[in-house]
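First up is the structure itself, then whatever we jot down about it.
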Amino acid sequence: MSDGGGARRAVAIAIAAFLAGAAAVAVPHDMGWTQVALVALAAAGLALAVGLAVRQALEERMNREIEAARRQLVAAASHDLRTPLASLRLLVESIEDGVATGQTRDRYLGEIRTHVAVLSDLIDDLFELSRIEAGDVSWAMGQVELGELIDATVAAMRVQAAERGVRVAADLPPEGLVGEANAEKVQRVLFNLIQNAIRHTPADGTVTVRARPRGGEVEIEVDDEGEGIPPESGERVFEPFYRADSSRRDDGAGLGLAIAKAIVEAHGGKIWFESDTPGARVRFTLSSA
């Protein structure tokens, strides 16, 4: 959006400069007012034509970028849908053909339920992301004690973290932190960020959730001890289906950070990634109540 605004301002300045130059240089002193008006109109018409051509070029470039992003999103979504669907087809065919019987059949049925759950979660996430980005937000906002919300979320994630040998801790100030937010949606952000941090933290590592008041806002961060994020990936990690390491396929569908970003921005806050050595941290802000 800012690039488009800058381009429009540049075009406006160029047109103004063109008109000023035409008035100052192209008009001889002995011309009458009628001739002066005709020259000014001609210059304005030329400048308008140039401006329209530049605008059209900018719009075409924007449309190409939007179309490229749409194709990339469709390709990524298709990949994440195709993988579990292919597995489901093979499992069902094995059961139908009588190849899988007894305990093997029971195991295949369990795998089918897992794949169906993955597909269901992916579709739910896609619908939620599309609704938020379309501005279809009808959340009830109110005063939320963020310290209590963080403590409850960290406690809920400890079992999952322990399975990977990772510790999860909260570092909170003694005074309360009250924000203007929807508690359920903010907890969704925290779940997504903590889960992402756990996945990228080695065994015996720690994921720490911190919160501090910052002026009229509350700043929350999720800090891990993983491999960090390459600087060139810092902005892209919030794109749907983006993975900094494309060889890793155990990180879910790649929508968790995109949904977190959409929720935070719908609250009027901002979210960003910082890379440490080792580790990475995500920070986001919410308005204080």
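Each reported figure results from applying straightforward, stated rules to the coordinates on display, with no laboratory input. Just so it is clear, the structure is predicted and the values come from calculations on it, not from any experiment.
Before moving on, here are some points about what is shown:
- Full extension of the chain segment joining S94 with A57 gains 7.8 nm, where the gain is 0.36 nm per residue of separation less the Cα-Cα distance.
- Taking only the C-alpha atoms of segment 142-287, Rg followed by Dmax gives 14.3, 44 Å.
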